[in-house]
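To keep things clear, I will list the structure first and then write my remarks on it.
The values are calculated or read from the model by the stated rules, or taken from the named source; none is laboratory data. Just so we're clear, the structure is a prediction, and the values are computed from it rather than from any experiment. Using ideal geometry, Cβ is built from the backbone for each residue, glycine included, and neighbour counts are taken over all protein chains shown. Heavy atoms of the whole protein, side chains included, go into the accessibility calculation; ligands, DNA and RNA do not. Shrake-Rupley method; radii C 1.70, N 1.55, O 1.52, S 1.80 Å.
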Amino acid sequence: MSTVAEIAGAISQLSNDELREVEKLVLNSYRERRIGIIFDDTYGTFTEEDLRTIQEQALRVIDGEPSRP
């Protein structure tokens, strides 16, 4: 599988156990790269991008803008 679209198409066909395995592989890839990870434990990673997203959501609430998913 060489593209994100191919991977996205295949994910829906995976069992729950296979999805958990894929999640572990993705998290391990982030850990190996050590780029932008703020928090890392057995449940997953928290990245600089996650922090930025939360900050933007908080600022929208403070400014009275409707939240976006």
(message) Taking the full set of protein chains and a 1.4 angstrom probe, give the accessible area of Thr53 in square angstrom, rounded to the nearest 10.
(response) 50 Å²
(message) Sort Glu6, Glu32 by heavy-atom solvent-accessible area, probe 1.4 angstrom, most to least.
(response) Glu32, Glu6
(request) Report, in debye and to the nearest 20, how large the dipole of the chain comes out about its Cα centre when Lys and Arg carry +1 and Asp and Glu carry -1 on their Cβ. (result) 100 debye
(request) Take the Cα atoms of the chain, build their convex hull, and give its volume per residue in Å³. (result) 138 Å³
(message) If I model a spin label at Leu59 and Asp40 as a point 7 Å from the Cα along the Cα→Cβ vector, what separation in nanometres do I get?
(response) 2.8 nm
(request) Give, in nm to one decimal, the length gained when the segment between Leu27 and Ser12 is fully stretched (0.36 nm per residue of separation minus the Cα-Cα distance). (result) 3.5 nm
